[in-house]
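Read the structure below first, then the notes.
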Amino acid sequence: MSAQKPVKAATIQQIRASKNQTPIVALTAYSTPIARLLDPYVDLLLVGDSLGMVIYGMETTLGVTLEMMCAHGKAVKRGASSACVVVDMPFGSYQEAPEQAYRNAAKILAETGCAAVKLEGGREMAPTIAFLAQRGVPVMGHVGLLPQSFNSQGGFRTQGRTSEEAKRIKSDARAVAEAGAFSIVVEGVVELLAAEITETVAVPTIGIGASSRCDGQILVTEDLLGLFSEFTPKFVKRYADLAPDVSSAVAAYAQDVRSRRFPGAEHCFGTPREQPLKKGSAGESDVA
Ligand code: KIV
């Protein structure tokens, strides 16, 4: 199977139609250069509120703001020419009422140009998802481990280990799908539950820490690249270990600067100091 994606530009309709098809490939992105690098290979880029922890050094995602999501959403959209871009609604921006969710989702769509928003929650969020979906806001659901419910779920803990918990999460997924979500992220649940949810709901499930029994997979890009070492969950597969490369590159730069090996003659502009520049010569303005 090729690493290149089969469909050039992924739309919400195409993602929705991917149920029981070739698995959906999704990753998180928070910036334009990373979005550009990922875009040729992924169907979907999620501007996840995990950015609070991964790039802002927060301990949870609870401190992420709507302004942060809009700024990073805009940046990712600039770097994505074919992947479907989805932006997370941050904690506190949608839970109060469907109208509040609509106002903030509309702001995200209008400011970033993304295709959809994602919000966390089960049955309790179904009326909000229906309210948004019926008014032209495509919504991706998110059930199972809910990072925004860090306090009430007792930390980052695998979900669905008891039959009672599994039953509740399955009915959450069903409610979210029936409310009109076009796909659902299923996070941190046991394999059997992921399989049951995937079989039960009519829309694609995208798993993270939820086994292969989903219609697609998502990971946090920095985890996959070995760039986020604060915490590596068991479900992450590292495809690269870039942190040591970054450290040794920066160490070499620091040594070069301190020993005056950088910048070298090849990095300098213009003519030697003893020959004064003529006014208007190329050497005055060229930087590339
Ligand atoms: O915020 C995020 O990155 C997410 C993914 C982990 C699914 O919600």
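All of the numbers you see were taken from the coordinates with simple rules; none came from a lab. Note that this is a predicted model, so its numbers are computed, not measured. Positions of Cβ are backbone-derived with ideal geometry, glycine not excepted, and every protein chain shown enters the neighbour counts.
Ordered by packing density, taken as the mean number of other Cβ atoms within 10 Å over each peptide's residues, highest first, how do 233-245, 112-124 rank?
So the order, starting with the most tightly packed, is 112-124, 233-245.
When the listed pairs K170/K237; K5/K77; K74/K167 are checked against a 28 Å cut-off, the alpha-carbon distance exceeds it for K74/K167. Between the listed residues A110, T32, G270, the Cα displaced farthest toward the positive end of the dipole of the chain, a dipole computed from Cβ unit charges relative to the Cα centre, is found at G270. Normalising the average separation of contacting C-alpha pairs (under 8 angstrom, six or more residues apart) by the number of residues puts the relative contact order of the chain at 15 percent. Taking a straight Cα-Cα cut-off under 19 Å and skipping sequence neighbours fewer than 8 places away in the same chain, the aspartates and glutamates within cross-link reach of K19 are D43, D172, E178, E187, E191, E196, E199, D215. GNM on the chain, alpha-carbon springs under 10 angstrom: the most fluctuating residue among L145, L51, L227 is L227. A simple charge model with +1 on the Cβ of Lys and Arg, -1 on the Cβ of Asp and Glu and nothing else charged puts the dipole of the chain at about 500 debye relative to its Cα centre. Look at the dipole of the chain built from charges on Cβ: of A9, P138, G52, the Cα furthest out on the positive end belongs to A9.
Here is the result for segment 38-113: no chymotrypsin sites (Phe, Trp or Tyr not before Pro) lie in DSSP coil with at most 10 other C-beta atoms within 10 angstrom of their C-beta.
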